[in-house]
């Protein structure tokens, strides 16, 4: 028995136990050179011709059934399990930074390619809905007629009560103060410097709700700015009572009041600030108009 010169195993052959060991042995010592090392089909004509020839042969064999793709041998259940595992591996890679997503941070507003893809997909989906190939699973369903929608609604309500979820939603939408809030913030910083802070962007969550301004001097005081359009059907006392259960006094200021009577707003804030008592912020219908 002889010993293989490459791996050291016993063999009947004079030098090597297999062709692989023979090739490895020669490559390590530079006795065999790979002619296509570092060459691609873009840089070398011979490699390109070889790949074209191989592709042609493989296509013929697939068409004749001589070669069966390994994916076709899997059952539907095995395919689902495999796709699920691949999805988990991809997500893990993206999370750890091993895999980079080409469209990360791109939107149809800032990238032409994304915009074209979105328009194309929207067009295809519209055509499928018109032809009846796709149907919405929630169309015509309500909380009263479908239990799953009711459960989803209850879950979302519970989520919006948690501080972390509300803050994450507010930050993802990149909420900024509107014109009225900016004007009120300017008034507060002018007459009450460093006493009030704008937190309407999700910095401060109380019971699942996000007030507009919070006192920075240790007092449990809040200021809410009610827009004439968005809060026209709201009762200010409800918001005052809601924050009251957490120990916070709340002052409600109406947008129209801020724009037309800024002096009145200043005196209301001053009185609220000094005595820590919540003022009645309800205006008559004539004042709101």
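Since every read-out is calculated from the coordinates, none of them should be taken as a lab result. Bear in mind that the values here come from a model prediction, so they are computed numbers and not experimental data. Don't worry about glycine lacking a Cβ; one is built from the backbone with ideal geometry, like all the others, and counts go over all protein chains shown.
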**Q.** Between 0 and 90°, nearest 10: helix 262-275 axis offset from the chain longest Cα axis
**A.** 90 degrees
(Q) If you split all Cα-Cα distances of region 1-147 into 5 Å bins from zero, what percentages do you get per bin, shortest first? (A) 1, 6, 6, 5, 6, 11, 15, 17, 10, 5, 4, 3, 4, 3, 2, 1, 0
Q. For the chain, what's the relative contact order in percent, using C-alpha pairs closer than 8 Å and at least 6 residues apart?
A. 7 percent
Q. By how many degrees, between 0 and 90 and to the nearest 10, does the Cα long axis of helix 179-191 differ from the longest principal axis of the chain?
A. 60 degrees
(Q) Given a 10 angstrom Cα cut-off, can you work out which residue in 49, 239, 95 is the most mobile in a GNM of the chain? (A) 49
Q. With each label point set 7 Å from Cα along the Cα-Cβ vector, what nm distance links residue 189 and residue 99?
A. 4.4 nm
Q.
I'm spelling it out carefully: the read-out is Cα Rg over 2.2 N^0.38 Å, the candidates are [x] 1.07; [y] 1.67; [z] 1.85, and one was derived from this structure. Which label?
A. [z]
(Q) Suppose we keep just the DSSP beta bridges with both residues in the chain; what percent of those would be antiparallel, to 5? (A) 55 percent
Q | Point-to-point label distance, residue 122-residue 7, nm (Cα→Cβ direction, 7 Å offset) | A | 6.1 nm
Q: Go ahead and set up a Gaussian network model of the chain, Cα springs under 10 Å, then flag whichever of 228, 22, 256 fluctuates most.
A: 22
Q. How many percent of DSSP beta bridges within region 171-288 run antiparallel, rounded to 5?
A. 50 percent
**Q.** Choice from 179, 33, 260 showing the highest fluctuation, given a GNM over the chain with Cα pairs closer than 10 Å
**A.** 33
Q. Relative to the longest principal axis of the chain, what angle (0 to 90°, nearest 10) does the C-alpha long axis of helix 147-159 take?
A. 70 degrees
**Q.** Spacing of the two label points (7 Å from each Cα toward its C-beta) at residue 231 and residue 77, in nm
**A.** 5.8 nm
**Q.** Helical mean residue ellipticity (222 nm; -39500 (n - 2.57) per DSSP H run of 4+; nearest 500) of the chain
**A.** -15500 deg cm²/dmol
Q) Given a Förster distance of 45 angstrom, what is the FRET efficiency for residue 162 paired with residue 68, based on the Cβ-Cβ distance and rounded to 0.05? A) 0.30
Q: Multiply the residue gap between residue 108 and residue 134 by 0.36 nm, knock off their C-alpha separation, and tell me the result in nm, one decimal place.
A: 6.9 nm
